[in-house]
Structure formats: structure tokens, C-alpha cells
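Notes for the one structure printed next.
The values are calculated or read from the model by the stated rules, or taken from the named source; none is laboratory data. Note that this is a predicted model, so its numbers are computed, not measured. Note that we place each Cβ from the backbone using ideal geometry, even for glycine, and neighbour counts take in every protein chain shown.
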Amino acid sequence: MTTILCIRKGDNVVMAGDGQATLGETIIFKSKSVKVRRIGNGNIIAGFAGAAADGITLIERLEAKLEKHANQLKRAAVELAKDWRMDKYLRQLQAFMIVADKETSLVISGTGEVMEPDDGIIGIGSGGNYAMAAAKALYDIPNLELETIAQKAMTIAGDIDVYTNHNVIIERI
């Protein structure tokens, strides 16, 4: 598992993910795993938690949907979720995704859910609830940049969750 955190204020969005990769209870990489990346001509950020190959497969499938639907994130996400739920091969994938552009932040799951948070804060993965709670606590502090909130929240998640480390990658739109 891992931790992916997305925070939105208006049209400013940051997504953070740690770099640890595990196989069962064994840490394989402490800092080299990249689980947050830009897609859709760089205008969309995607992050995944779960099996790495499954997450990469889902990002590739989402990119294909974005191309088909003129980079309309909500439409592409719904189409991916439908395929993920209905397709015999895709149903076996063990991952969750967060995707965000200037207007929308979404969680996509293999059971067909495409969810948008009310407050613009989403966390997934083994440390997702810790990171999300920390981000919510820091969110309204005046003059605190989104990157700072994300970094502090991910540090807290890394301190608590054994499957999350402090090597964080942050992307901003």
C-alpha cells in the first residue's frame, strides 16, 4: 500500500504520494516508486494506491479515455469506472486512483464509484485517512501553502503508517 493525498483550494490543486513500495510486509523500495504523475497533456494529475502494475494499467486506460473524450476528466473517469467494473480482466486490478484537473478532484474505484469530495481533500491507500485528517486540520491555517499542507500531512501519515514513508513527490496544477 501507500498514501496518496489530493488537496484543492479553488482551482489550485496539489497531489502528493510517498515513494515506498512493498511486497507483503517487505519494503522493496524506500524512495524510488513514483505513484503520482501528470497525464492528459500535463493538465491532469493522477495518483494510485495498490499494486503498482495495476495502478499503471489504470492510468494508461484513463489516458486512452481522456483522448477519446477530449480531456473531459469526469466523462473519462466514469467511462473508466464502468469498464473497470464490467470487464473481467480489469475487475481483477487491485488499486484505487485519485485524479484531478483545474475544476475537479475524483476518487475512482474498481467497484464503479467515481466520487468527488465536498471539501476538496482526498486520501487513499494505507495512510490515506491519516494524511486526509492532518490535511483537514491544517487546511484553514492562514498563509499556509497547499504544498506545505501536503508535505506536513504526508509526514504525519509516514510517522503513523508502516506502508508510507517520508520520500514524497508533490505535483501541482
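Of note:
- Residue match in region 137-147 (condition: among the aromatic types (Phe, Trp, Tyr), more than 27 Å from Ala21 (Cβ to Cβ) and in contact (Cβ under 8 Å) with a residue 12 or more places away in the chain): yes
- For region 108-151, the set of residues classified as of a type in the set (A, V, I, L, M, F, W, C) and either assigned to a loop (DSSP other than H, G, I, E, B) or closer than 30 Å to Lys82 by Cα (or both) consists of Ile108, Val114, Met115, Ile121, Ile122, Ile124, Ala131, Met132, Ala133, Ile141, Leu144, listed by residue number.
- When residues of region 91-125 are limited to those that are free of Cβ contacts under 8 Å to residues at least 40 places away in the same chain and of a type in the set (Asp, Glu), the one surrounded by the fewest Cβ atoms within 10 Å (Cβ to Cβ): Asp118
- Qualifying residue in region 134-143 (condition: closer than 27 Å to Ala76 by Cα, surrounded by fewer than 19 Cβ atoms within 10 Å (Cβ to Cβ) and out of contact with any His (no Cβ under 6 Å at 6 or more places or on another chain)): no
- Any hit, region 91-107, residues being within 17 Å of Gly50 (Cβ to Cβ) and either acidic (Asp, Glu) or part of a loop (DSSP other than H, G, I, E, B) (or both): yes
- Only one of Glu63, Glu67, Glu79 that is of a type outside the set (A, V, I, L, M), surrounded by 19 or more Cβ atoms within 10 Å (Cβ to Cβ) and more than 30 Å from Ile160 (Cβ to Cβ): Glu79
- Count of region 10-35 residues which are more than 14 Å from Ser105 (Cα to Cα) and either assigned to a strand (DSSP E or B) or at pLDDT 85 or above (or both): 10
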